[in-house]
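Please read the structure below before turning to the comments.
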Amino acid sequence: MPYRPPKPSPPQVKRAPSPTKIIERGITTRVPEGGWRDSNFNGIRLRRLYRDMGFIQRVAVKAGIQKVSPNLARIFKWQREAVFIEFKKRYFNIVGRRKSSNHDTKNMFEISMDPGPHEALWIDALESVLLESGLEFESVIRNAAQSVIDVTYYGTSLIMGTQRTALTQARLNQRANGIASKITGIEETTRSKFRALLEKGIYGDQFTVAEMFQLLWDNPVSNGMSQSRVATIARTEMGMAADESRKQSIHESGAVTHISVIGCEAREPGSPRYRGESTCNIANVPIADMDKLEFHPNHTGTIVPSKFLEIDPPIQLPPGELT
């Protein structure tokens, strides 16, 4: 019997550590003995806390971006192609399909249309596509945001000493739903970009149907459905998820009186405002106003505690229980 060498074993694929494991290995800050106080929040302890909270945010957001980006890219690709399919359906329902419509774009759209009905067909096609993809878009954002929120809360809880409860989870879920519900702003950007291109082509340049079709097809950046938007949306929404989780953990600690934002590259002049100044790198915001802070797209800052109580926070007893 001829010798047959054994089949080589399949290569062992080394799995990357989970974000929570990366955080556990990467941070050094823990709750000081006796808890966080303003008097022990200084020197190396302060610097370590700020460094570790920035590290937690980067790890969580990076994992969220990796999770959400392929799905966003797929949705945008489908939206872009679907708008043209829906437009052609509507156009041929009106003018009828001719033999020449099976050839190039110019012959396909040889029947002209007045500007108003022409624009209306494109807008109707876009709205039908946004409506059809809206629920999936929201689900994709929510699932990725929930993952970032969970990772950020876990890492922050190691530093702040908070414990995840059923009520905590409900509030974190509520914050994730709030992020997902803001996709209307993303859709509105798509609408405004698309309509601006229609306005320019149909009314400004007086394009034919064929020319307008070609312009929209050749300009995915201008029509609002480009792959370049994926990176911006992913960074913005996942950063927002990390911020919302950090707010919840800091609030539940009961020891923080003020928070600051650190790590922004600059104080953007057009960014959201609080007390008349940019929220980028803002300092010492009372914790009661923490949820009023909003940030610009691609925000890179991190929310951190900046002042603590000097005495134990009051014990929160269940309703109806006496001290």
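Descriptive notes on the structure:
- Single residue of I149, I111, I65 found to be touching a residue at least 60 places away in the same chain (Cβ under 8 Å), among the β-branched types (V, I, T) and part of a loop (DSSP other than H, G, I, E, B): I111
- Close pairs (8 angstrom Cβ cut-off, 6 or more residues apart or separate chains): without any contact (Cβ under 8 Å) to a residue 24 or more places away in the chain and within 15 Å of G301 (Cβ to Cβ) in segment 261-289, of a type in the set (F, W, Y) and surrounded by 11 or more Cβ atoms within 10 Å (Cβ to Cβ) anywhere: T279/F295; C280/F295; I282/Y274
- Candidate set: segment 185-226, residues that are at pLDDT 90 or above and in a loop (DSSP other than H, G, I, E, B); chosen: the one farthest from F109 (Cα to Cα): D205
- Picking from residues in segment 37-49 that are in contact with a Pro (Cβ under 9 Å, 6 or more places away or on another chain) and part of a helix (DSSP H, G or I), the one that is modelled with the lowest pLDDT is N40.
- Count of segment 41-61 residues which are out of contact with any helix residue (DSSP H, G or I) (no Cβ under 8 Å at 6 or more places or on another chain) and either crowded, with 17+ Cβ neighbours inside 10 Å or without any contact (Cβ under 8 Å) to a residue 24 or more places away in the chain (or both): 10
- Residue match in segment 201-221 (condition: under 21 Å from the mean Cα position of the chain (by Cα) and under 24 Å from E132 (Cα atoms)): yes
- Selection from segment 240-277 of residues that are touching a helix residue (DSSP H, G or I) at 6+ places or on another chain (Cβ under 8 Å) and not in a helix (DSSP H, G or I): A255, V256, T257, H258, I259, I262, G263, Y274
- Looking at R15, R4, R30, just one residue is part of a loop (DSSP other than H, G, I, E, B), surrounded by 10 or more Cβ atoms within 10 Å (Cβ to Cβ) and modelled with pLDDT under 90, and that residue is R30.
- Summed over segment 156-183, residues that are part of a helix (DSSP H, G or I) and in contact (Cβ under 8 Å) with a residue 60 or more places away in the chain total 12.
- Test for A60: is it aliphatic (A, V, I, L, M), out of contact with any Cys (no Cβ under 6 Å at 6 or more places or on another chain) and at pLDDT 95 or above: yes
- Restricting F87, F55, F92 to those that are modelled with pLDDT of 90 or more, more than 30 Å from the chain's Cα centre (by Cα) and outside any loop (DSSP other than H, G, I, E, B) reduces the list to F92.
- Verdict on E237 being among the acidic types (D, E), outside any loop (DSSP other than H, G, I, E, B), modelled with pLDDT of 90 or more and more than 26 Å from W36 (Cβ to Cβ): yes
- Restricting attention to segment 283-312, the residues that are assigned to a loop (DSSP other than H, G, I, E, B) and under 16 Å from M240 (Cα atoms) total 9.
- Taken over segment 74-97, the residue count meeting the criterion of being of a type in the set (G, A, S) and in contact with a helix residue (DSSP H, G or I) (Cβ under 7 Å, 6 or more places away or on another chain) is 1.
The values are calculated or read from the model by the stated rules, or taken from the named source; none is laboratory data. Everything numeric in this text was worked out from a predicted model, so none of it was measured. In this analysis, Cβ positions are derived from the backbone assuming ideal geometry, glycine residues included, and neighbour counts consider all displayed protein chains.
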